[in-house]
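In what follows, a structure is listed as structure tokens, so that the remarks can point back to it.
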Amino acid sequence: SQQGEEDPQALSIQEGENATMNCSYKTSINNLQWYRQNSGRGLVHLILIRSNEREKHSGRLRVTLDTSKKSSSLLITASRAADTASYFCATDPYDYKLSFGAGTTVTVRA
Amino acid sequence: GAGVSQTPSNKVTEKGKYVELRCDPISGHTALYWYRQSLGQGPEFLIYFQGTGAADDSGLPNDRFFAVRPEGSVSTLKIQRTERGDSAVYLCASSLGAGSSYEQYFGPGTRLTVT
């Protein structure tokens with residue numbers, strides 16, 4: 001069963017705009033991770049945020065975590081065509097056994 | 001260095017046949033994972049190896065599914081008597097150690113189609 005749920009399911013933006021997607025989860029976690037997937041194949045790890053962290057940055061990515069609301073957000077700033085992909089949050093309710101949501105599909109229009 | 005590799009990239013088989021899917025993890029990674037991803041869904045955990053042993057196979061859907069990692073490196077996922085519902089992308093991942101604080105590196109996946 002999947003514990004995380006991303007919102008929205010799909011997002012279409014113009015190149016240069018920011019994209020924000022959210023993840024809600026059900027049980028307590030140690031860490032939350034975000035992954036990107038192109039063309040329905042391998043996942044690329046983007047960022048890991050620990051349960052005692054509230055915000056983390058990596059390049060054009062900004063992740064927030066609110067453990068009281070059991071939610072996280074991923075912000076991609078100044079989007080590019082190459083950012084077109086599906087984005088998944090993954091939680092660790094059972095440690096190594098990552099639990100993924102259904103993902104947010106982002107389309108960046110030129 | 002080389003990432004996680006999986007072969008074949010695509011596999012089409014008839015219902016009832018046996019298939020083997022191979023995963024070659026990153027050298028030195030002791031932990032190896034198999035996930036299955038159905039269309040429009042996120043990956044779902046199948047099995048986790050620490051070294052040669054299956055530390056957790058709770059995600060395997062039934063006894064038609066089996067996985068091995070005999071020398072603690074390459075792993076093979078085996079599916080007997082395939083069914084159309086087994087059609088999915090099978091993803092393999094490896095990590096330097098066990099636990100969610102270690103990044104899991106994913107392979108490109110094997111797309112299995114059962115006709």
- If we keep only residues of region B:95-112 that are out of contact with any Asp or Glu (no Cβ under 9 Å at 6 or more places or on another chain) and either assigned to a strand (DSSP E or B) or of a type in the set (Asp, Glu) (or both), then the residue modelled with the lowest pLDDT is B:Glu103
- Item | Matching residues in region A:82-110 - criterion: being touching a Cys at 6+ places or on another chain (Cβ under 9 Å) and in a loop (DSSP other than H, G, I, E, B) | A:Gly101, A:Gly103
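Kindly indicate which of B:Leu77, B:Leu21, B:Leu32, B:Leu91 is within 8 Å of chain A (Cβ to nearest Cβ), buried (at least 19 other Cβ atoms within 10 Å of the Cβ), part of a strand (DSSP E or B) and in contact (Cβ under 8 Å) with a residue 24 or more places away in the chain. Give the steps one after another, and end with the answer.
Details: B:Leu77 fails: within 8 Å of chain A (Cβ to nearest Cβ); B:Leu21 fails: within 8 Å of chain A (Cβ to nearest Cβ); B:Leu32 fails: within 8 Å of chain A (Cβ to nearest Cβ).
After applying the criteria, what remains is B:Leu91.
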- Among the residues of region A:24-31, is there at least one that is farther than 27 Å from B:Ser87 by Cβ, within 14 Å of another protein chain (Cβ to nearest Cβ) and exposed (fewer than 14 other Cβ atoms within 10 Å of the Cβ)? yes
- If you take the residues of region B:94-111 that are more than 9 Å from chain A (Cβ to nearest Cβ) and in contact with a Pro (Cβ under 9 Å, 6 or more places away or on another chain), which of them is surrounded by the most Cβ atoms within 10 Å (Cβ to Cβ)? B:Ser94
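Taking the conditions exactly as written (touching a residue at least 60 places away in the same chain (Cβ under 8 Å) and surrounded by fewer than 20 Cβ atoms within 10 Å (Cβ to Cβ)), does A:Ala102 satisfy them or not?
So A:Ala102 passes the test.
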- Query: If you take the residues of region A:32-48 that are within 8 Å of another protein chain (Cβ to nearest Cβ) and not in a strand (DSSP E or B), which of them is surrounded by the most Cβ atoms within 10 Å (Cβ to Cβ)?
  - Reply: A:Gly42
- Message: Quick check on my filter: what residues within region B:81-93 are in contact with an Asp or Glu (Cβ under 9 Å, 6 or more places away or on another chain) and of a type in the set (Ser, Thr, Tyr)?
- Response: B:Thr82
- Of residues in region A:47-60 being at pLDDT 95 or above and small (Gly, Ala, Ser), the one nearest to the chain's Cα centre (by Cα): A:Ser58
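Could you say which residue among A:Val63, A:Val44 is under 14 Å from the mean Cα position of the chain (by Cα) and either acidic (Asp, Glu) or closer than 27 Å to B:Ser87 by Cβ (or both)? Show your work before the answer.
Details: A:Val63 fails: either acidic (Asp, Glu) or closer than 27 Å to B:Ser87 by Cβ (or both).
Unique residue meeting the criteria: A:Val44.
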- Task: Could you tell me which numbered condition A:Ser79 fails, if it satisfies all but one of (1) at pLDDT 95 or above; (2) over 10 Å from the mean Cα position of the chain (by Cα); (3) buried (at least 19 other Cβ atoms within 10 Å of the Cβ); (4) outside any loop (DSSP other than H, G, I, E, B)?
- Result: (4)
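Which of the residues that make up region B:49-62 are in a strand (DSSP E or B) and free of Cβ contacts under 8 Å to residues at least 24 places away in the same chain?
B:Gly53, B:Ala54, B:Asp56
The values are calculated or read from the model by the stated rules, or taken from the named source; none is laboratory data. What you are looking at is a predicted structure, and each value in this text was computed from that prediction instead of being measured. Methodologically, a virtual Cβ is constructed for each residue, glycine included, from the backbone with ideal geometry; neighbour enumeration extends over all protein chains shown.
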